[in-house]
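Scroll down for the structure; my scribbles are underneath it.
The values are calculated or read from the model by the stated rules, or taken from the named source; none is laboratory data. Given the structure is predicted, the values throughout are model-derived calculations rather than measurements. Don't worry about glycine lacking a Cβ; one is built from the backbone with ideal geometry, like all the others, and counts go over all protein chains shown.
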Amino acid sequence: MLKKLNLEQIELIRKEFQNFILNEKENKSIYVLFRIKKDNSTITIFKNGTCFVQGLNKKPIFIFICNLLNLHFNDEVYDLKKKENHDLIKHNFIGSDEVGTGDIFGPIIVCASFVSEKNIAFLKKMNITDSKKLSSKNIFKISKLIINKNKIPYFVKILHPLEYNSLIQNKNNLNKIKALLHNEAILELIKKIDKNVKFNVVIDQFAIPEKYFNYLKKEKIVYKDIIFCTKAETKYLSVAVSSILARYFFLKEIQQLSEKLSIDLKLGASFKVDQQLLEICEKKGFDILNRIAKCNFKNIKKLLNNLKRKV
């Protein structure tokens, strides 16, 4: 149940579900503004600002409404608090995050990790935070502690440049690729968790839920009971852990690639990266790019165009 929704929030719900609103004759209560019937569930909006969801699919719909209104879903009582003010450390959560999407060199890595209530104290001692705020040294230190303690179940999916470039060539965009990776990581991690344990799943949002699930429409198995949250790594401990572990495995991949190429590869897509791309192409040829870099970056297209002009 959502309480004390304001007029703007109510109108957002009305607009989102406008094709499923029941007509006034079916709305017999003087206390009800409108009712919505969708996916074997009923959403009732009361004049006092309360939103009540009933039916077979009430939890996914409830979570969808929470995401729509930028509110936080509380699994125990279906009550809400603002995401910005809630750390969500009292429940079991799977969090999933990705790294490498803004780096020309190396893979994209998605990590999903499961943080149970009993592991919160252990993680809090390490001052877990968003991986982007941590130095590489601290990333390695924290990740090794998490891995060696073997307390936090996790699954890491690595998409190497060769696979990434193939997906891009087959007309998949970055968000679809991320959706595929997150879905796989979540499903694989769930296999490691006791079937009797209840949990929520959070993804650091990169697309609206409707588009996310549309990207996965051809997949045989899709995990759907998801909370989508922007900047989730700052609000959910499990996402912060996944962010750190994903960064750790990404940095390891970059180290290995640097050793193979005998060059200290730079992260990101800066001018220094452009210089390294040119140096590598001059030594190894153009074909190597498909195996070490994300070839749809503008930097690479510009480099190849410039080199063609010189030929």
Please find, within the stretch 189-209, the residue that is farthest from Val241 (Cα to Cα) out of those that are in a helix (DSSP H, G or I) and hydrophobic (A, V, I, L, M, F, W, C). Ile190
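Could you say which residue among Ile10, Ile61 is touching an Asp or Glu at 6+ places or on another chain (Cβ under 7 Å) and either buried (at least 18 other Cβ atoms within 10 Å of the Cβ) or at pLDDT 80 or above (or both)? Walk me through how you get there before you give the answer.
Numbers: Ile10 fails: touching an Asp or Glu at 6+ places or on another chain (Cβ under 7 Å).
Going through Ile10, Ile61 in turn, just one is touching an Asp or Glu at 6+ places or on another chain (Cβ under 7 Å) and either buried (at least 18 other Cβ atoms within 10 Å of the Cβ) or at pLDDT 80 or above (or both): Ile61.
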Between a residue in the stretch 57-75 that is outside the structural domain of Gln205 (by the TED database) and any residue that is among the aromatic types (Phe, Trp, Tyr) and at pLDDT below 85, which pairs come within a Cβ distance under 8 Å, given they are 6 or more apart or on different chains? Phe62/Phe73; Phe62/Tyr78; Ile63/Phe73; Cys66/Phe73; Asn67/Phe228
Give all pairs with beta carbons closer than 8 Å in which a residue from the stretch 148-173 that is free of Cβ contacts under 8 Å to residues at least 40 places away in the same chain and assigned by the TED database to the domain that holds Gly100 meets a residue that is part of a helix (DSSP H, G or I) and surrounded by fewer than 16 Cβ atoms within 10 Å (Cβ to Cβ); count only pairs at least 6 apart in sequence or on separate chains. Lys149/Phe122; Lys151/Phe122
Evaluate the stretch 270-278: report whether one residue or more is closer than 16 Å to Val99 by Cβ and within 26 Å of the chain's Cα centre (by Cα). no
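Given the options Tyr212, Tyr223, name the one that is of a type in the set (Ser, Thr, Tyr) and in a loop (DSSP other than H, G, I, E, B).
None of the other options fit; the residue is Tyr223.
Looking at Leu251, Leu237, Leu216, which one is surrounded by fewer than 24 Cβ atoms within 10 Å (Cβ to Cβ), of a type outside the set (Val, Ile, Thr), more than 25 Å from Lys151 (Cα to Cα) and in contact with a helix residue (DSSP H, G or I) (Cβ under 8 Å, 6 or more places away or on another chain)? Talk me through it step by step, then tell me what you get.
Working: Leu251 fails: more than 25 Å from Lys151 (Cα to Cα); Leu237 fails: more than 25 Å from Lys151 (Cα to Cα).
The unique qualifying residue is Leu216.
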